[in-house]
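Data first, discussion second: the structure below is written as structure tokens.
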Amino acid sequence: MPKLKRATLAEQAYEELRSQIVSGRLPAGQRLLADQLAGELMISQTPVKEAIAMLARDGLVEGASRRASVVRHFTPEDIREIFEARMLVELDALGRGIASGRATPEFVARLRAIFEAHMAEVGKQNSDALVDAIRLDREFHELIVQLGANDTIASWHRVIQRQTQTIRNFTLKSYSLERTRREHSAIVEAVAKGEAEQAVAALRAHLLASRDAMMSREPGEFPVRA
């Protein structure tokens with residue numbers, strides 16, 4: 001790992017560790033030892049401990065003490081709850097945003113650009129591109145939530161998004177390109193037409209399909225305990 005040189009080392013350590021958790025480089029159940037991580041990041045243990053506490057706040061780390069903290073395991077019930085929360089937030093933001101006229105041509109252009117960039121990265125079929133694809137998938141849904149014009153809800157949604165992507169632990173083999181292309185495209189086109197009901201239905205179908213696909217995977221394919 002590169003040495004962290006800028007200010008706010010705790011925040012930078014948090015970003016690095018969060019990225020490793022979301023990508024699966026730090027898998028569920030992995031112990032997070034402050035001394036070991038501090039050595040890898042070439043910083044002191046104090047900002048690492050603070051970063052671990054921040055990860056626990058986001059629901060990505062669990063453990064009674066920082067010394068015994070581990071990357072969180074997600075149960076099937078956790079998955080159901082996370083997707084229920086996402087549907088409540090995303091469907092409401094999308095429907096109200098279109099009805100309020102916030103799905104402007106500029107917004108649609110941004111959403112379409114993220115979608116196209118996302119598909120391009122997945123199509124490269126390499127691990128580096130997959131990292132960018134996961135980021136773009138997250139940005140697609142976060143942009144939808146911005147239609148709700150509520151910064152507090154948007155901030156909470158970002159935490160839920162990180163938990164979702166931690167559960168997925170995508171690989172090139174497990175990433176469903178065609179399903180994602182079809183479902184995201186349906187959302188973009190409905191938003192572009194200003195069809196609130198159609199857009200909400202497309203987003204709901206996408207989230208339900210993602211939840212069901214995650215629930216149907218073999219136990220060894222993603223970090224969930226039964």
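The values are calculated or read from the model by the stated rules, or taken from the named source; none is laboratory data. None of these values were measured; they are calculated from a predicted model. In this analysis, Cβ positions are derived from the backbone assuming ideal geometry, glycine residues included, and neighbour counts consider all displayed protein chains. SASA here: full protein model, heavy atoms, side chains in, ligands and nucleic acids out. Shrake-Rupley method; radii C 1.70, N 1.55, O 1.52, S 1.80 Å.
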Query - Answer label, with P(r) over Cα pairs in 10 Å bins from 0, in percent calculated from the coordinates and candidates (i) 8, 31, 34, 21, 6, 0; (ii) 6, 14, 14, 11, 10, 8, 8, 7, 6, 6, 4, 3, 2, 1; (iii) 8, 30, 30, 21, 9, 2, 0 - result: (i)
Query raised in the report: Mind listing the phi-derived Karplus ³J(HN,Hα) values for the range 19-34, rounded to whole Hz, using 6.51, -1.76 and 1.60 with θ = phi - 60°, and x for any glycine or proline?
Result: 4, 5, 5, 4, 7, x, 5, 10, x, 4, x, 5, 6, 10, 9, 4
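Test of the criteria: in the range 14-106, which chymotrypsin sites (Phe, Trp or Tyr not before Pro) are in a DSSP loop and have at most 16 other Cβ atoms within 10 angstrom of their Cβ?
Working: sites: TYR14, PHE74, PHE83; in loops: none.
In loop regions of the range 14-106 (DSSP not H, G, I, E or B), there are no sparsely surrounded chymotrypsin sites (Phe, Trp or Tyr not before Pro).
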Query - Coordinate range along principal axes, alpha carbons of the range 1-119, Å, largest first - result: 51, 36, 25
**Report entry** On Cα atoms only, tilt of 45-57 relative to the major axis of the chain in degrees
**Finding:** 40 degrees
Query - Per residue, in Å², the accessible surface of the chain once ligands and nucleic acids are set aside, probe 1.4 Å - result: 50 Å²
Query raised in the report: What's the center-to-center distance, using Cα atoms, between the range 16-59 and the range 68-123 in Å?
Result: 25 Å
Requested in this report: Per residue of the range 72-80, in order, report the coupling 6.51 cos²θ - 1.76 cosθ + 1.60 (Karplus, θ = phi - 60°) as ³J(HN,Hα) in whole Hz, putting x for Gly and Pro.
Outcome: 5, 8, 10, 8, x, 5, 4, 4, 4
Query raised in the report: Expressed as an acute angle from 0 to 90° and rounded to the nearest 10, what is the orientation of the C-alpha long axis of helix 105-123 relative to the principal long axis of the chain?
Result: 60 degrees
Query raised in the report: So what is the 222 nm mean residue ellipticity for the chain from helices alone, if each DSSP H run of at least 4 adds -39500 (n - 2.57) and you divide by all residues, rounding to the nearest 500 deg cm²/dmol?
Result: -23000 deg cm²/dmol
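Calculate what fraction, in whole %, of the accessible area of the chain sits on carbon and sulfur atoms when a 1.4 Å probe is rolled over the protein chains.
Details: 5680 of 11190 Å².
So the carbon and sulfur contribution to the accessible surface is 51 percent.
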Query - 0 to 90° range, to nearest 10: angle between helix 196-216 axis and the chain longest Cα axis - result: 40 degrees
